[in-house]
Amino acid sequence: MWTSFVNITVLSYTEGSPSPNSMLRVLLSAQASAARLSGLLLLPPVQPCCLGPSKWGDRPPGGGLHAGPVQGLQRLLEQARSPGELLRWLGQNPTKVRAHHYPVALRRLGQLLGSQPRPPPVEQATLQDLSQLIIRNCPSFDIHTIHVCLHLAVLLGFPSDGPLMCALEQERRFRLPPKPPPTLQPGLRGGQRLEAALSCPRFLRRPRQHLIRSLAEARPEELTPHVMVLLAQHLARHRLREPQLLEAIAHFLVVQEAQLSSKVVQKLVLPFGRLNYLPLEQQFMPCLERILAREAGVAPLATVNILMSLCQLRCLPFRALHFVFSPSFINHISGTPHALIVRRYLSLLDTAVELELPGYRGPRLPRRQQVPIFPQPLITDRARCKYSHKDIVAEGLRQLLGEEKYRQDLTVPPGYCTDFLLCVSSSGAVLPVRTQDPFLPYPPRSCPQGQAASQPTTHDPAQRVVLMLRERWHFCRDGRVLLGSRALRERHLGLLGYQLLPLPFEELESQRGLPQLKSYLRQKLQALGLRWGPEGG
């Protein structure tokens, strides 16, 4: 019986045919009983409904005493006694009709045809009007409503090439999720396959690490600088610390050293500093030093960008530092459009020399040329502030310590922005910040260059404790390695003499509500030996 019904529905009604009830006659032919037709519509057989003196029949078309107009219309559709009445309820209540009412109407039509021994006659105009109503309103349907209407329309025998089915199918296609990136053509060589994948917009928006790993099998000699730059930018943008790919980039840089300009090299080196990854390639650093010596005077900004990446890796070459700190280089960049950003980078490099390179004896950046390194929170933190734990941690500290005993977002010399800073006496008491100088001197007084953070850098008895938020986006993806810029900031703050108290995102996310967070902060501070008065919480 199922087969006969399917075969019959293929011969279904087409608009313009002479018989107005042909489509419905096909549905009811082949001895299709009420139970079978209802089963095909995925509905149980229903009894005919009479709107006589029932609790709904003698009420106005707005529903019951406690039913809204939308619910009332649904009940009216569910209780319609004929297809014409079904259409009338839809047509006379345009402001009350919602998307879910149309599947109700189609379902009720199937019930009317399947539950009565002699179905009521249906005019073709009625079916066309119902189709037009659905066609006109289907752009507002959600995907579930479209699927239900398609299913019911097929079972009712609407033609697959008719206006109703075409309109619903078109809306269904519009709502399909985006297709995955196209399969790479098997005839492409390794470099061409990599370029095709990385140039695909969907691939850039939705990085797939397993695909990147498989593309690493291409030999570097087959690849072009453009392709390798795309790969390097992709890794840096999405924080993908993939050793196999990073080693492939490092090997490519070494092999193609003579053909690469510093403007290309700065892009190839970018992911190493950002992802805090020093490659195993033994010729990586000697190769970069030769490129810097050859290209430093040609592209000043590219030169400084390369040194910034190497600074994050703690691999600054002395010869290149001699060049960028020379008066001729500084005078050369002073009149360029990128003078401010270069001075900021040079200020950071000078800080690294001060704190991390005790053996450097070359020129330094003049004090009048120095500018704050990062005078405000980093762009990534500002962009993701709504996901940050900073606000709730600030409220926890306010209730625990009091507002006068911490500073938030304070920039300390030489220009690092701190999340929260506390001043602590030698006995461990948290002091009001307004009574203390929150800044440690820079350059550090009475200590040799490169002194470790664990050794005192000043004779000030008060300690400065910096609470460092370690948010999820401060790390490489799928790893526990801090990004290069974050690691550099923490390293330099420690070398300046600030005591760091990291607050990892896993611990912060596990706190349920402010009371738990306050208890967590109390344990963290007490573990450092800090204490505070009862007035602070």
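The values are calculated or read from the model by the stated rules, or taken from the named source; none is laboratory data. In this text the structure is predicted, and so the values were computed from the model without any measurement. All Cβ positions, glycine included, derive from the backbone under ideal geometry; neighbour counts span all protein chains shown. These accessible areas exclude ligands, DNA and RNA; they are computed on the full protein's heavy atoms, side chains included. Shrake-Rupley method; radii C 1.70, N 1.55, O 1.52, S 1.80 Å.
Of the conditions (1) in contact with a Leu (Cβ under 6 Å, 6 or more places away or on another chain); (2) modelled with pLDDT of 85 or more; (3) not hydrophobic (A, V, I, L, M, F, W, C), Glu242 satisfies every one except a single condition; which number is it?
(1)
Quick check on region 229-275: of everything there that is in a helix (DSSP H, G or I) and among the basic types (Lys, Arg), which residue is nearest to Met308 (Cα to Cα)?
Arg274
Could you look through region 261-283, keep only residues that are within 19 Å of Arg477 (Cβ to Cβ) and of a type in the set (A, V, I, L, M), and pick out the one that is nearest to the chain's Cα centre (by Cα)?
Only one residue fits best here, namely Leu275.
This table checks each residue for (1) surrounded by 13 or more Cβ atoms within 10 Å (Cβ to Cβ); (2) at pLDDT below 80; (3) more than 30 Å from Gln128 (Cβ to Cβ).
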{"position": "Leu150", "(1), (2), (3)": "yes, no, no"}
{"position": "Asp161", "(1), (2), (3)": "no, no, no"}
{"position": "Gly187", "(1), (2), (3)": "no, yes, yes"}
{"position": "Gln192", "(1), (2), (3)": "yes, yes, yes"}
{"position": "Thr224", "(1), (2), (3)": "yes, no, yes"}
{"position": "Ala236", "(1), (2), (3)": "yes, no, yes"}
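Which of the numbered conditions does Arg531 fail, given that it passes all the others? Conditions: (1) over 27 Å from Gly479 (Cα atoms); (2) surrounded by 16 or more Cβ atoms within 10 Å (Cβ to Cβ); (3) not β-branched (Val, Ile, Thr).
All conditions are met except number (2).
Look through Leu280, Leu268, Leu313, Leu230 and report the one residue that is free of Cβ contacts under 8 Å to residues at least 40 places away in the same chain, open to solvent by less than 50 Å² (accessible area, probe 1.4 Å), among the aliphatic types (A, V, I, L, M) and not assigned by the TED database to the domain that holds Phe475.
Leu230
Within region 326-364, restricting attention to residues that are of a type in the set (A, V, I, L, M, F, W, C) and under 16 Å from Val298 (Cα atoms), which residue is surrounded by the fewest Cβ atoms within 10 Å (Cβ to Cβ)?
Ala339
Quick one: which residue in Ile143, Ile134 is aliphatic (A, V, I, L, M), surrounded by fewer than 17 Cβ atoms within 10 Å (Cβ to Cβ) and at pLDDT 75 or above?
Ile143
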